[in-house]
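Student: Once you've had a glance at the structure underneath, I'll fire off some questions.
Bear in mind that the values in this text are calculations on the coordinates, not laboratory data. Source: prediction; values computed, not measured. Every residue, glycine among them, receives a Cβ derived from its backbone with ideal geometry; neighbour counts consider all protein chains shown.
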Amino acid sequence: MSQSSEAISSEVQATPAQVLRRVWTIAWPVVVASLIDATEGIVDIYMVGKLGPAAISAIGMSRQIVFIFMVMAMSITSGTRTLVAQFFGAERHEEVSKTAQQALLMGVCLALVLGTVSFVLARPALILLGAPDDVLIHAVLFLRWYFAGMVFMILHYVMSAIFAGVGDTRTPLKISIVVIIIKCITSYGFIFGVWGFPEMGVAGAAVGTVISRALGCLIGFSILTRGHRLIRLAWNWQMRPDWSIMTRMLQIGLPSGASGFFRNGARVLLYRVVSGTRQPTLALASLTMGFQIRMYAILPAIAFSIAGTALVGQRLGAKEIEAAEQYGTQTIRLCMFLVCSGSLVIWLFTETIVSFFTQAEDVIGMSSTMLRFFAFAQIFSALSIVVGGVLAAGGETKPPLYYTIIGQWGIMLLFAYILAYPVGLDVTGIWIAWVAGGTTQGVLTLRRYFKGTWKRTVV
């Protein structure tokens, strides 16, 4: 009996404590790696801050555009994680390797298309967002350098999905640690022209990112091809597309990519709604800080979503439905305990948290109120994310897409406008709409989980 089959057999009778331990083992490296990825943007802002406000604005606006394009990578990573997990659970190791190969091939193709399109659209997109001339100069160069290295960004996420599918999240964490160290060194060198690097200003931050991600891809690819304890990639440079695998991957992944696109698109439009309130500058500053704090607070949900897809997918691949249910339930419970605890801390210490970002009393007042609304909504947003990960383990990614459109566009954006303007609640109406949209999405996703249609094998 192989190592994976022994693990599956033993986990069918696993106690709740053993299941929780396994879930936590998969999830915590994702939390740390996500923190490192989130730190990348903060590092850029901190470094270019010495160049002035225009440089900071260039990084901030550029990253909003990057997020919109990068969510398309979810079309590959979500499908990859599900198929690899189910093939691995079914002990079809050749199919695991083949799926990984096809995922990398698709990643390269997607990167070439997105890189070309985004390179051309960088300037028009920044103008559409209203970037001033002094910001535009920096931001265009930053984006073009960043998008020139798009292939390394996407392959980094694809490789992380492959490792996660077989239950290894520590290897991507180790790679992320190397990447952020190289990123800090190279970005600083290129921004300020020290240590023999040419001085490139804001664009240097993008160059440092590309170099560090390229190194990370080289390390990840080397591990996959030279042999890993759970997966070995038999790479063939003359490999041809396997349309059967690619089709299944996209059937699962495209709804996830579309969901990310609609979710991020709603955030951008929400800025537009907020900009028309009675105190737009104050409200926009509050919303920006809210999103920044939310980015960190939501990390446990993202981590447990990935863990749920991997662990539940492996059990479904092995046709151990009872074990899959057990892993799904315990993943959701542990995640919600951590998120609810974090939301309580945010609720109790809103002023202290906001004061870390600003000392302006008017901003602290509005941001504290907004953050309490966000803390409550965060519970349901996290619920939709972690349950969505469990649903994805069975290839069920279309319903979460529909719930995103309903919650974010049909409720949050619509009622944000209605409550803020016709009703006259101003920013308070927008915060209420945020809670309503997130709550609806979370409840609908949980309802789909209890329906049980996700308990199926897609390999």
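Student: Label points 7 Å out from Cα along the Cβ direction at THR116 and GLU351: separation in nm?
Tutor: Calculated label separation equals 5.7 nm.
Student: By counting other Cβ atoms within 10 Å of each Cβ, how are TYR46, TYR403, TYR417 ranked from fewest to most?
Tutor: On the way: TYR46 13, TYR403 23, TYR417 19.
Final ranking by Cβ density, sparse to dense: TYR46, TYR417, TYR403.
Student: For region 185-243, which chymotrypsin sites (Phe, Trp or Tyr not before Pro) pass both filters: DSSP loop (anything but H, G, I, E, B) and at most 14 other C-beta atoms within 10 Å? Present the calculation step by step, with values, prior to reporting the outcome.
Tutor: Values: sites: TYR188, PHE190, PHE192, TRP195, PHE221, TRP235, TRP237, TRP243; in loops: TRP195, TRP235, TRP237.
Those that pass, being in a loop and sparsely packed, are TRP195, TRP235, TRP237.
Student: Another one. Taking only C-alpha pairs under 8 Å that are 6+ residues apart, what is the relative contact order of region 34-140 in percent?
Tutor: 35
Student: If you split all Cα-Cα distances of region 176-267 into 5 Å bins from zero, what percentages do you get per bin, shortest first?
Tutor: Per 5 Å bin, starting at zero, the Cα-Cα P(r) for region 176-267 comes out as 3, 12, 11, 10, 13, 18, 15, 11, 6, 1, 0 percent.
Student: Compute the whole-percent fraction of alpha carbon pairs in region 19-241 spaced more than 24 Å apart.
Tutor: Working: 11310 of 24753 pairs.
Cα-Cα pairs in region 19-241 separated by more than 24 Å: 46 percent.
Student: Return the sequence-ordered ³J(HN,Hα) values of region 348-355 in whole Hz as given by the Karplus equation 6.51 cos²θ - 1.76 cosθ + 1.60 applied to θ = phi - 60°, using x for Gly and Pro.
Tutor: After applying 6.51 cos²θ - 1.76 cosθ + 1.60, I find 6, 10, 4, 4, 4, 5, 5, 4 Hz.
Student: At most 15 other Cβ atoms within 10 Å and a DSSP loop assignment: could you name the trypsin sites (Lys or Arg not before Pro) in region 209-297 that fit? Walk me through the intermediate numbers first.
Tutor: Details: sites: ARG213, ARG226, ARG229, ARG232, ARG248, ARG263, ARG267, ARG272, ARG278, ARG294; in loops: ARG229, ARG232, ARG278.
Sites meeting the loop and neighbour criteria: ARG229, ARG278.
Student: Relative contact order for the chain: what is it in percent, counting Cα pairs under 8 Å that are at least 6 residues apart? Numbers along the way, then the final one.
Tutor: Details: 729 pairs, mean separation 95.3, N = 459.
In percent, rounded to a whole number, it is 21.
Student: Hull surface divided by four, with the convex hull built on the Cα atoms of the chain: how many nm²?
Tutor: Details: hull surface 85.9 nm².
Quarter of the Cα hull surface area: 21.5 nm².
Student: How big, on average over all directions, is the shadow cast by the Cα convex hull of region 72-122, in nm²?
Tutor: Details: hull surface 12.8 nm².
About 3.2 nm², averaged over all directions.
Student: Let me understand region 29-155 better: what is its radius of gyration from the alpha carbons, and its Dmax, in angstrom?
Tutor: Cα only, region 29-155: 17.6, 57 Å (Rg, Dmax).
Student: Have a look at THR369, GLY107, SER244 and report the one farthest towards the positive end of the charge dipole of the chain, computed about the Cα centre with Cβ charges (Lys/Arg +1, Asp/Glu -1).
Tutor: The residue sitting farthest along the positive end of the dipole is SER244.
Student: To continue, here is another question. Positive end of the charge dipole of region 265-358 (Lys, Arg +1 and Asp, Glu -1 on Cβ, about the Cα centre): tell me which of GLN326, MET295, LEU311 has its Cα farthest that way.
Tutor: Of the options given, the answer is MET295.
Student: Using the Karplus curve 6.51 cos²θ - 1.76 cosθ + 1.60 with θ = phi - 60°, what ³J(HN,Hα) values do you get for each residue of region 259-269, in whole Hz, with x for Gly and Pro?
Tutor: Values, residue by residue: 4, x, 5, 5, 5, 5, x, 5, 4, 5, 5 Hz.
Student: In whole angstrom, and with the biggest value first, how far do the Cα coordinates of region 252-404 range along each principal axis?
Tutor: Cα extents, longest axis first: 57, 30, 17 Å.
Student: Tell me, what ³J(HN,Hα) does each residue in region 284-290 have, in order and in whole Hz, if you take phi through Karplus 6.51 cos²θ - 1.76 cosθ + 1.60 with θ = phi - 60° and put x for Gly and Pro?
Tutor: 5, 5, 5, 5, 4, 5, x
Student: Using only the C-alpha atoms of region 349-459, find the volume of their convex hull and express it per residue in Å³. If you can, show how the numbers build up before the last one.
Tutor: Numbers: hull volume 11.5 nm³, N = 111.
Looking at region 349-459, the number lands at 103 Å³ per residue.
Student: Dipole magnitude of region 320-441 about its Cα centre, charges +1 at Lys/Arg Cβ and -1 at Asp/Glu Cβ only, in debye to the nearest 20? Let's see the in-between values first.
Tutor: Numbers: 3 positive and 8 negative charges, 23 e Å.
Computed charge dipole of region 320-441: roughly 120 debye.
Student: Charges only on Cβ, +1 for Lys and Arg, -1 for Asp and Glu: so what's the dipole of the chain about the Cα centre, in debye to the nearest 20?
Tutor: For this selection, approximately 780 debye.
Student: Using Cβ counts within 10 Å as a stand-in for footprinting exposure, how do CYS184, CYS335 rank, fewest first?
Tutor: Working: CYS184 18, CYS335 27.
Going from sparsest to densest Cβ surroundings: CYS184, CYS335.
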